[in-house]
1. Provide a single number: the residues in the range 299-319 that are within 28 Å of F190 (Cα to Cα) and open to solvent by less than 10 Å² (accessible area, probe 1.4 Å).
2. Within the range 273-283, work out how many residues are open to solvent by 100 Å² or more (accessible area, probe 1.4 Å) and in contact with a helix residue (DSSP H, G or I) (Cβ under 9 Å, 6 or more places away or on another chain).
3. Could you tell me whether the range 350-359 includes any residue that is more than 25 Å from the chain's Cα centre (by Cα) and surrounded by 21 or more Cβ atoms within 10 Å (Cβ to Cβ)?
4. Starting from the range 184-212, keep only residues that are closer than 23 Å to V232 by Cα and open to solvent by less than 40 Å² (accessible area, probe 1.4 Å), then list their pairs with residues that are assigned to a helix (DSSP H, G or I) and aliphatic (A, V, I, L, M) whose Cβ atoms are within a distance under 7 Å, requiring at least 6 positions of separation or different chains.
5. Only residues that are more than 22 Å from F419 (Cβ to Cβ) and either of a type in the set (S, T, N, Q) or open to solvent by 10 Å² or more (accessible area, probe 1.4 Å) (or both): list them for the range 50-71, please.
6. Please list, ordered by residue number, the strands (runs of 3 or more DSSP E) wholly in the range 106-180 having 2 or more residues that are farther than 30 Å from D456 by Cβ.
7. When only residues in the range 430-470 that are within 19 Å of the chain's Cα centre (by Cα) and modelled with pLDDT under 95 count, which is nearest to A91 (Cα to Cα)?
8. Condition first: assigned to a strand (DSSP E or B) and either free of Cβ contacts under 8 Å to residues at least 24 places away in the same chain or out of contact with any helix residue (DSSP H, G or I) (no Cβ under 8 Å at 6 or more places or on another chain) (or both). Now tell me which residues in the range 80-104 satisfy that.
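The values are calculated or read from the model by the stated rules, or taken from the named source; none is laboratory data. Keep in mind it's a predicted model, so treat the numbers as computed, not measured. Cβ: placed from backbone, ideal geometry, glycine included. Neighbour counts: every protein chain shown. Only protein heavy atoms, including side chains, enter the accessible area calculation; ligands, DNA and RNA are left aside. Shrake-Rupley method; radii C 1.70, N 1.55, O 1.52, S 1.80 Å.
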Amino acid sequence: MRNSPRRGLNCVAIAVASMAGTLAAGPALGGGFALQENSASGLGNAYAGGAAAAEDAATVWTNAAGMAKLGTGQVAGALNLIQPSLKFSDAASQAAAQQPLGNNGGDAGSLNFVPNLYLTMPLDKQWSIGLGINAPFGLVTEYGDGWIGRFQGLKSEIKTINVNPTVSWKASESVALGFGVNFQRIEATFTSNVNYSAALLSAAVASGIAPGSATFNAIAQSTAGLQSNAEVTGSDYGWGWNLGILVDLNTAHRIGAQYRSAIKYTVSGDATFNNPTVPTFVEPLAMGVNTQLLYNSGISSQIKLPEIVNLSYFGRLNEQWDLMADVQYTGWGSIQQLTFTRDDGKPLQSTYENFKDAWRFAVGGNYRHDGQWMFRGGLAYDQSPVQDGYRTVRLPDASKTWLALGARYKWNPQLWFDFGAAYIWVRSANVNGIGSSNLGLPPSAAQSGLVNGSYDSYTVIVSGQVTYAF
């Protein structure tokens, strides 16, 4: 049953203001907020066989050991256009106290551009070096103004950039090893609205004004529907490493494996609030809210982005056909709770994510039409780390199924172009939540409302890549 804006006035007497902007992630293209889009050549196979294919300089990311297979220096640049669609359908949501329910928020997806750049160079017959620059994690989702879950999240944006110098060593004719160091930067911006009306009534009770009294009711009537705008921004740098091995089973078949370490961050930044104007007789209460609850401050949070393990197979079946497969493990269990703390030591917000480790499975194939054209295809299943009971409006993620197609056109032996496209079906995801813990107190529907409904989502990816061998 939906609440009216006036419903539940007495319950807000014990509620605190709704805060905004935890470092949480919205839907991205891999499980959680991982970005699989590391090349256009790999996209055409749904990234099957990535740690074993060693087709071009993008192997810097998928398995540094594969540089031993390239034979020449290469530079590869790719651009991935990613268009997600994320639409919420309301079922039984409830309005926050003193607030209207709101709308469904429109399409929270938006067009994003993700670039990749790789460089490899052999030093001699055994040693090669490389450099990769890409974005392994990220998202941009944004709901429309006035949506049902505005007190739990409006905009979520995470950006990463990873700089990855690598080296490979051809240990024998059939075994190569690769190693790399990762310097990674993360930036995040999160916005939401704050139920300022509830904060004022809480402050009124704290000052001795009895719920249901004439003064209390006058405050409630004159401040209904007020809300603040909140924004949390933060950034940090981190270091990690990667290790890979590539083994030729024979001249036509090989397997590869790569491990990428977890990266720890202490994200620091600012929490800012834009509070509304109130009637003159309420200004003393508003002053207390603005200086004790909804005040600007520095913030910090610790987060550990997950380790990633890939095991891949690549096989040349004949002169025309290749077969490839991949299993990927991502240690999302490193993220159980996301807590932001103010610089003065007071809690801002805490969210129980309870991520589980996730698996991804992919198969793909190549068909060589002639000396210039090669066509690709692939299927993948991408498990989400989000558990049904902990899904939030900032992360309404669910497991995905990929269908990918691609092609390579070889202009000459030194220059070729790769194209890829994928359609990703996202399982319908239900959400039933009242937000996060604010200021150390439990979540409350009076503060943030109840968001109850489902998400229908899909994603379209189109990628292009140019590779030059020298």
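1. So the first thing to find is which residues in the range 299-319 are within 28 Å of F190 (Cα to Cα), and the list is 299-308.
Then drop every residue that is not open to solvent by less than 10 Å² (accessible area, probe 1.4 Å), which leaves 299, 301, 305-306.
Of the residues in that region, 4 qualify.
2. 2
3. Taking the range 350-359 and keeping what is more than 25 Å from the chain's Cα centre (by Cα), we get none.
No.
4. A198/V12; A198/A446; A199/V289; L200/I219; L200/V282; L200/L285; L200/A286; L200/V289
5. N63, A68, K69, G71
6. Details: elements: 112-122, 127-134, 138-142, 155-170.
Per the criteria, 112-122, 127-134, 155-170.
7. G435
8. Kept after step one, since they are assigned to a strand (DSSP E or B), are these residues of the range 80-104: 80-90, 94, 103.
Once the filter is applied, which keeps residues that are assigned to a strand (DSSP E or B) and either free of Cβ contacts under 8 Å to residues at least 24 places away in the same chain or out of contact with any helix residue (DSSP H, G or I) (no Cβ under 8 Å at 6 or more places or on another chain) (or both), the range 80-104 yields L81, I82, Q83, P84, S85, L86, K87, F88, S89, D90, N103.
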